[in-house]
Amino acid sequence: MSLRVLVADDQAMVRTGFRLILNGEPDIKVVGEAADGRQAVTLARHLRPDVTLMDIKMPMVDGIQATRLLAGPDVPNPLRVVVVTTFDLDENVHAALRAGACGFLLKDAGPALLIEAVRAAANGESLVSPAVTTRLLAHFAGPRSERKPLEPLTEREFDVVRLVARGRTNAEIAEELVISLSTVKTHLGAVQRKLAARNRTEVAIWAWETGAVR
């Protein structure tokens, strides 16, 4: 079954480009397009796509607010949103991830990274453009947060957290720790429960904010 994607961008040329790239993949299908943030929220709630690609600078409702409405902390059944933008301003990245986005890409990242981001998001993983990763992590590694887990993490769970915070996929974590993929998923599920984190992006933010990884 194909991954269903919604593309939200106020530029028709960008939407067309993304559609051509994604529909060229045998396992991905663009099921809708939105030209502004309000339409993006309405369509996403109706279509329930596997992944929504969201621009930031859009009329009616901007992409950050639209992301918050679809994937924010107060959304009972959040959707997976990847923010794709021309602007790699640190405050945009920070705001997008805080709003619930599970990935952040620049529009000039190229077709391969766009496709990889869609597949990663659909698999519950996250991808941030390499061009902004270093600055992003430095931002979250600022003033130390003392936010404690609901229950203590085991040593192996900490190993998983550190690798998630460095952008590793589940398969890469399994290979590096010499454990099975299902074991990685079990550890990650336990970590998310203990941290009250809804996705691996929130796990990574916790790791950097608390100094669990540097």
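The values are calculated or read from the model by the stated rules, or taken from the named source; none is laboratory data. Note that the coordinates shown come from a computational prediction; the quantities given were computed from them, not determined experimentally. Every residue, glycine as well, gets a Cβ built from its backbone with ideal geometry; the counts of neighbours run over all protein chains shown. For accessibility, only protein heavy atoms count, side chains too; no ligands or nucleic acids. Shrake-Rupley method; radii C 1.70, N 1.55, O 1.52, S 1.80 Å.
Some notes on this structure:
- Interatomic Cα distance distribution for the chain, bins of 10 angstrom, percent: 9, 35, 36, 18, 3
- Degrees separating the helix 200-210 axis from the principal Cα axis of the chain, which is the longest one: 50 degrees
- The equivalent ellipsoid of region 144-210 has semi-axes of 19, 12, 10 Å, largest first, where each one is the square root of 5 times an eigenvalue of the Cα gyration tensor.
- Among the listed pairs Lys29/Lys107; Lys29/Lys185; Lys57/Lys148, those with a Cα-Cα distance over 29 Å are Lys57/Lys148.
- Area of Thr42 that stays accessible when all protein chains are in place (1.4 Å probe, Å², to 10): 90 Å²
- Between the Cα long axis of helix 181-195 and the first principal axis of the chain there is an angle of about 90°, rounded to the nearest 10.
- Cα-based helix-to-principal-axis angle, 130-140 vs the chain, degrees rounded to 10: 50 degrees
- Solvent-accessible surface of protein heavy atoms, probed at 1.4 angstrom with all chains present, puts Met54, Met13, Met60, Met1 in the order Met1, Met13, Met60, Met54, largest first.
- Ordered by 1.4 Å accessible area with all protein chains kept, Arg98, Arg38, Arg198 run largest first as Arg38, Arg98, Arg198.
- Rounded to the nearest 20, the Cβ-based charge dipole of region 144-210 about its Cα centre (Lys and Arg +1, Asp and Glu -1) stands at 240 debye.
- Region 1-63: C-alpha gyration tensor shape, a/c 1.5 cut-off, then a/b vs b/c: oblate
- Peptide ranges 105-113, 175-183, 23-31 listed from the most packed, as the mean C-beta count within 10 angstrom indicates: 105-113, 23-31, 175-183
- Here the chain is treated with +1 on each Lys and Arg Cβ and -1 on each Asp and Glu Cβ, and its dipole about the Cα centre works out to around 420 debye.
- Approximate spin-label separation Arg19-Arg162, in nm, with each point projected 7 Å along Cα-to-Cβ: 4.7 nm
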